[in-house]
Amino acid sequence: MKKKIYFATLLLASTIAFTSCDKDMDSNPVLIQGDTPVKIDLNTPEFASQSVALAGTEGVTLTWSQPKLTADNAPLGQESSMGLSYAVQVSKDGHFTKTFDAALAEVTDEEGNYIGTPSGYDYVQLASTYASCNGVLDVDELNTALNKLYLYEQNAPLPVSELFVRVLGIMTLGNNSTKTLAVSDPVKMNLIPSSWIDVMAVPAKESYLWIPGNGNGWNHGVAPILVSSDGVVFSGYAYMNGQFKFTDDADWNHGQLNNGSFDSCSENISMEENNDGNITFVGEPGMYYFTVDLDSKSVNATAVTWSVIGGFNDWAGDEVMTYDEGAHCLSVSVNFSEETQWKFRRDYGWDVNLGAKGDVEPSTDMDDIVPNGKNFVGPAGEHTIQLFIERPAQDGMHAVIK
């Protein structure tokens, strides 16, 4: 049976108690914290002398005190106007001087290849953040952190390893930057990693297929792009209206995939021969989700509908987006009676939806939107919302509200 490991919060030398973060009922708490982070009380583990195996453990639960950051010590959780969240950092020596990622960047060339072994680092910040004064540390995140800090050898026995843990209270500022307002002293754990991880493996590089055709004036500069992480299966969105081809670069001077390149296709695509070798889209003009498999030599296109939904319609309706051929994007007009949160979703459901990248919610950042991202927020008024979902010029998906 998997188990959770709990730590209490040491508040007084002779008394152990728990402090929780209630919801902030003060919408405008007054911050009294200065330039030096205030202290968070985090306990010494009950079993500091024991060794804990991550394998078979659900997670390590931490609790900590609420940092005194306001005159009345009002909570500053993510629900409050100041948006305080808590992050966890882990170190192999308790010094917290340099991150593994910073050290790795120093030995990475311009093409993303590693040209050395990272050195001089001593800590990792875990990915998960927490809204209140407790959190369960993810076992996979801890195991990855241990592998980064100690660079274990493959096939060697995994040893008991010291891990110093501290909690930070971080506030998100108006420009989406962050400031550390509070920090705890580190506490030590003795953990046994659950598995070896090749943390020095070079991340897979994306490969692309461009789709020049009638729908974009055969212009590579605005042509949709399909993306692959393995160079075999490519997927993405494209507006279809007539004939097209696939190319493996943003020009006609490299490889092309035409009507003789595939063995199978969906019913809305025709591979009949023609003088130009073009593939013919025989379905209705519109936005489609493409999947191209180079191993099986297949191409499939599924019609999709994208819409905007949010507080302006009580999250109960969809403002359907249409394709703007001049701007090469999906577009819709909306009217927000007040400042409103909203998102994009596909086919009137939540299985596929797009939101803001990062931890800030709601967010005004639409430069890089991601699946299952955070809610956007927009001001009151009439707006045109544009969704650039086809990734022209290898850009990420992004949006604009006017």
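The values are calculated or read from the model by the stated rules, or taken from the named source; none is laboratory data. Remember, it's a predicted structure, so these values are computed and weren't measured experimentally. Heads up, the Cβs are rebuilt from the backbone with ideal geometry, glycines too, and the neighbour counts pull from every protein chain shown. The accessibility values were calculated without ligands, DNA or RNA, using every heavy atom of the protein model including side chains. Shrake-Rupley method; radii C 1.70, N 1.55, O 1.52, S 1.80 Å.
Anything in region 106-131 that is within 21 Å of G358 (Cα to Cα) and either touching a Ser or Thr at 6+ places or on another chain (Cβ under 7 Å) or loosely packed, with under 11 Cβ neighbours inside 10 Å (or both)? List them, or say none. If you could, list the steps in order and put the result at the bottom.
Keep residues of region 106-131 that are within 21 Å of G358 (Cα to Cα), which gives 124-131.
V124, Q125, T129, Y130, A131, listed by residue number.
When V124, V136 are checked against the criterion of being in a strand (DSSP E or B) and in contact with a helix residue (DSSP H, G or I) (Cβ under 9 Å, 6 or more places away or on another chain), V124 stands alone in meeting it. Consider region 243-260 and keep the residues that are touching a Gly at 6+ places or on another chain (Cβ under 9 Å) and part of a loop (DSSP other than H, G, I, E, B). The one that is surrounded by the most Cβ atoms within 10 Å (Cβ to Cβ) is K245.
One line per residue, one yes/no per condition, for (1) over 28 Å from K68 (Cβ atoms); (2) out of contact with any Asp or Glu (no Cβ under 6 Å at 6 or more places or on another chain):
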position: V88; (1), (2): no, yes
position: G94; (1), (2): no, yes
position: D122; (1), (2): yes, no
position: S132; (1), (2): no, yes
position: V136; (1), (2): no, yes
position: N147; (1), (2): yes, yes
position: S161; (1), (2): yes, yes
position: G169; (1), (2): no, yes
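Checking each residue in region 142-194 for being of a type in the set (S, T, Y), under 20 Å from S85 (Cβ atoms) and surrounded by 18 or more Cβ atoms within 10 Å (Cβ to Cβ) picks out T172, S184.
Once region 280-304 is narrowed to residues that are open to solvent by less than 40 Å² (accessible area, probe 1.4 Å) and without any contact (Cβ under 8 Å) to a residue 60 or more places away in the chain, the residue that is nearest to the chain's Cα centre (by Cα) is Y288. Test each condition in (1) open to solvent by 20 Å² or more (accessible area, probe 1.4 Å); (2) of a type in the set (A, V, I, L, M); (3) at pLDDT below 55 for A55 and report the one that comes out false. Result: A55 fails condition (3) only.
Residues that are in contact with an Asp or Glu (Cβ under 9 Å, 6 or more places away or on another chain) and either assigned to a strand (DSSP E or B) or buried (at least 19 other Cβ atoms within 10 Å of the Cβ) (or both) within region 374-402 comprise K374, F376, V377, G378, I385, Q386, F388, M397, H398, A399, listed in sequence order. Could you list, in sequence order, the residues of region 318-332 that are free of Cβ contacts under 8 Å to residues at least 24 places away in the same chain and more than 26 Å from the chain's Cα centre (by Cα)? Selection gives T322, G326. Candidates are the residues of region 304-332 that are modelled with pLDDT under 95 and among the small types (G, A, S); the one that is nearest to K402 (Cα to Cα) is A327.
Identify the residue in region 195-221 that is open to solvent by less than 40 Å² (accessible area, probe 1.4 Å) and of a type outside the set (G, A, S) and, among all such residues, is nearest to T57 (Cα to Cα). Only one residue tops the list, namely V199. Whether any residue in region 381-389 is under 20 Å from T305 (Cβ atoms) and either out of contact with any Ser or Thr (no Cβ under 9 Å at 6 or more places or on another chain) or modelled with pLDDT under 90 (or both) is what I want to check. Checked region 381-389: at least one residue is under 20 Å from T305 (Cβ atoms) and either out of contact with any Ser or Thr (no Cβ under 9 Å at 6 or more places or on another chain) or modelled with pLDDT under 90 (or both).
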